[in-house]
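Step one of this worksheet: look at the structure below.
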Amino acid sequence: MAKSLYENYKNFPKTDCGYCGNTSCITMLRRFCSGELPLSECIYFRAGLYNVNEFSCSPPVPRGTQKPSISYIRPCPTDADRISVEVSLLPPEGSKYGYFDMITLDNIFNHAVPGLRISPSLGIARLESEWGDVMGFSEGRVLIRRASNESSAFWQLSRFVRSLWAAVS
Amino acid sequence: MPVPGRICPRSGSPAVECAATCCAGECYAFSPPDSLFAEKLGFWGKPLAYAPPQMPPSFEAASSFDMVVATRNRLFSITPETEHGTAVRYLKDASLMLFMGRALQGILKSGSKDLIPCYEGVLRGKVDEDRTARLEEIISDLRKALPEKGSAEVQAQRMKGVFSLHMASKLRECT
Ligand code: SF4
């Protein structure tokens, strides 16, 4: 049965050696999942240290034709004095890989930033702060709740997505 | 070379790794992720100026320097007030640190002492096209040698050292 990208990644070599020509193991795995490269490109599989049959994943679904947009700006349902904002940041049309690579983020931030939690299995990053809670999803949707006003909401959104810029793929 | 607005043939790599493969930085991964709502951001004060990263002075010093923390700090230097060109420089600095950290691990784990002068050259920021070409040769030789079960781990670690140094060396040429 096909496993998720993250399930496959957990059992991957994770050496990031570049033998396969990719800048990291996650890139190799994504390209394997999308049918671009066979696992035999990897040094460990080639040497027989890993078994190709233990890895399987469904090809990613290319995103449709929707455009990046500000989805809404509205009062919080639980506190009308505060506001919620949601934006959709999208990779180019036809991209197969989503927007934020949460596995890379997890590798870099690795529970080391107070308030920032990343779940590569769910594809979510969340930053809690006194200025509002921001959540980002791997497909590019980002939302803030409990912001004190619109300009603070957009500043926090900007701070958050710029910190995750490294994982835009 | 990626075409603006199109998917890069290397797509699938996160921006922090793409930065090393593309000098031009025209890829969508190099436009600020907040450009969609840029006009909603109210700024006060001046845009923040670029501050160069602190790099360890030698291979020995690098061995006790936490490149992961340095990478993370560089990424957190990109704030809403950081102007686009400076932000891309920070992203490239983070990329350099990421690859230098990986190179160090690969060199140490494979015992590839021959790569230390090269590592120190990249640390000091020296641009050296011969070095990049030499690293490419080593990469190509390593790929030609068929990996065997007993030696694959050391080969992979040496490859990690050389490949990551090559990425870092290219980054030095780009910035
Ligand atoms: S060769 Fe294997 S271990 Fe090395 S980067 Fe590619 S997938 Fe990762």
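Read-outs throughout are calculated quantities, based only on the coordinates presented, and are distinct from any laboratory measurement. Small disclaimer: the values here were computed from a predicted structure and weren't measured. Positions of Cβ are generated from backbone atoms using ideal geometry, with glycine treated the same way; all protein chains shown enter the neighbour counts.
Points worth noting:
- Nearest 10 degrees, 0 to 90: helix B:67-76 Cα axis against chain B principal axis: 10
- Surrounding net charge for A:SER148, when Lys and Arg each add one and Asp and Glu each subtract one, Cβ distance under 14 Å: -2
- Among A:ASP133, A:ASP101, A:ASP81, A:ASP16, the order by Cβ neighbours within 10 angstrom, fewest to most, reads A:ASP81, A:ASP133, A:ASP16, A:ASP101.
- B:ALA51-A:GLU36 pseudo-label distance in nm [points 7 Å out on the Cα-to-Cβ vector]: 3.7
- Lys/Arg +1, Asp/Glu -1 at C-beta; the protein assembly as shown dipole; positive extreme among A:SER34, A:ALA153, A:SER121: A:SER34
- The Cβ shell under 11 Å around B:LYS109 holds other residues with a net charge of +2, Lys and Arg each +1, Asp and Glu each -1.
- FRET efficiency, 1/(1 + (r/R0)^6) with R0 25 Å, evaluated for B:LEU41 and A:ASP81 via beta carbons: 0.70
- Label-to-label distance for B:ASP141 and B:LYS109 is 2.2 nm, based on points extended 7 Å past Cα in the beta-carbon direction.
- Share of Cα-Cα pairs in the protein assembly as shown lying beyond 28 Å, as whole percent: 43
- Put simply, the C-alpha atoms of the stretch A:5-54 give a gyration tensor, and the ellipsoid matching it has half-axes of 13, 13, 11 Å, longest first.
- Net charge contributed by nearby residues that have their C-beta within less than 9 Å of B:ALA94 (K/R +1, D/E -1): +2
- Coarse-grained scattering of the stretch A:69-167 at q = 0.22, 0.23 Å⁻¹, given as base-10 log I(q)/I(0) from a Debye sum over alpha-carbon atoms: -1.12, -1.19
- Cβ-placed point charges (K, R +1; D, E -1), dipole of chain A about Cα centre in debye, nearest 20: 120
- Nearest-0.05 FRET efficiency for A:VAL52 and B:ARG134, computed from C-beta distance (R0 45 Å): 0.85
- Per-selection Rg to Rh, the stretch B:56-174 - Cα, Kirkwood hydrodynamic radius: 1.02
- Among the cysteines of chain A, A:CYS17, A:CYS20, A:CYS25, A:CYS42, A:CYS76 have no other cysteine beta carbon within less than 4.7 Å of their own.
- Convex hull volume of chain A per residue (C-alpha atoms, cubic angstrom): 121
- In the stretch A:72-112, inverting the average of 1/r over every pair of distinct C-alpha atoms gives 13.3 Å as the Kirkwood radius.
- For the pair B:GLU148 and B:GLU173, a Förster radius of 56 Å applied to the C-beta separation gives a FRET efficiency near 0.95, rounded to the nearest 0.05.
- Selection among A:PHE100, A:PRO77, A:GLY136 by position relative to the dipole of chain A gives A:PHE100 as farthest towards the positive end (Cβ unit charges, Cα centre).
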